[in-house]
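Enquirer: The structure is given below, and queries will be raised subsequently.
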Amino acid sequence: MDKAYLDHYREHGYAVVRGLFSTQEIAELSAAFDRLYAEGMTHRASYRHQNVFFRIGQDANLGRIVRMVQWPSYVDPVMNRFRLDRRMAEVLTPLIGPDMKQIINQMHWKPPGAENVEFGYHQDIRFRRPREAYRDPGTAYVQTGLAVDPHRADNGAMTVYPGSHRLGDLSIAGPGPVMNQAMSDDDLVALNLDPAKIVHLTLEPGDLAMWNVFLIHGSGPNRSTDDRKLYINGYVSADKCDRGEWTFRGGEPCDLGEPVLVHYEDLHERPEPHYVDD
């Protein structure tokens, strides 16, 4: 594997590894996305069972849609296999070592014509709560996004601000969920950042994007006729995080057991299936 991505990641706060997975493999992953989207659409509202969470939303053009699924790997073997693929460990080990936990396992959709499916500019450090459970975030954590469809500016590709990972923890996104906010140049200007320096990540199916938890990024609406699916997995050096599922020990994949505490604080108090009315 060409190691140039490591220098790019360290310098700019993000990188892309091209063609990590084959066309055939991505077709299987895309089919899994379709299955879980269909399952999500059977629910009247956002639905949770332990760490598995279907986020249901409303779009001005499309009506009810599935925005994302958290921790599908507990219920779908295809989703589980991709996050545990040894190629993922090979890419990440030079950055965070061979012993890794996982704190993010998410499927994201932007259906064609989805007008309200955006993510405002933010840093992922915003979501590392309680902060004391997540140590050395700038060097111990790597977020990854595996492209299931082509990603372009017109279908809501991820948009990054190169080098912003060096700016530390910033107050950039407004109150409320980032997924209910639109990208705005004003948010960058307020930080004395030049909106002309943003980069829309161009990805082909099978490409893996990776980014630092301090990198400023977001994504716009899908105004194209093409789908835009993204499989996000966040990994951490195991000794730097008190939460999360073990994923690799010495580079070897770890099977999921009983769900452990990640982000759902009421995992042990309310593990049963239930609807979450937003």
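Since every read-out is calculated from the coordinates, none of them should be taken as a lab result. On a predicted model such as this, the values are computed, not experimentally measured, just so you know. All Cβ positions, glycine included, derive from the backbone under ideal geometry; neighbour counts span all protein chains shown.
Enquirer: Around ASN222, what is the net charge, scoring Lys/Arg as +1 and Asp/Glu as -1 over all other residues with Cβ under 15 Å from its Cβ?
Expert: Result for the local shell: -1.
Enquirer: Report the normalised scattering of the chain as log10 I(q)/I(0) at q = 0.06, 0.07, 0.10 Å⁻¹, calculated by the Debye formula with identical scatterers on the alpha carbons.
Expert: Treating every Cα as an identical point scatterer, log10 I(q)/I(0) equals -0.17, -0.23, -0.48.
Enquirer: Something else about it: Using alpha carbon centroids, what distance separates the stretch 182-213 and the stretch 1-18, in Å?
Expert: 16
Enquirer: Given H placed on each backbone N at 1.01 Å, which residues far from LEU62 in sequence or on other chains put an amide H within less than 5 Å of it?
Expert: The answer is GLU115.
Enquirer: Shifting gears a bit: Find the all-direction average of the projected area of the Cα convex hull for the stretch 180-247, expressing the result in square nanometres with one decimal place.
Expert: 7.2
Enquirer: ³J(HN,Hα) across the stretch 77-82 via Karplus (A = 6.51, B = -1.76, C = 1.60, θ = phi - 60°), whole Hz, x for Gly/Pro?
Expert: Result, ordered by residue: x, 5, 4, 5, 5, 5 Hz.
Enquirer: Also, I was wondering about something else. Normalise the Cα radius of gyration of the stretch 9-122 by 2.2 N^0.38 Å (N = residues in it) and let me know the number.
Expert: The value comes to 1.20.
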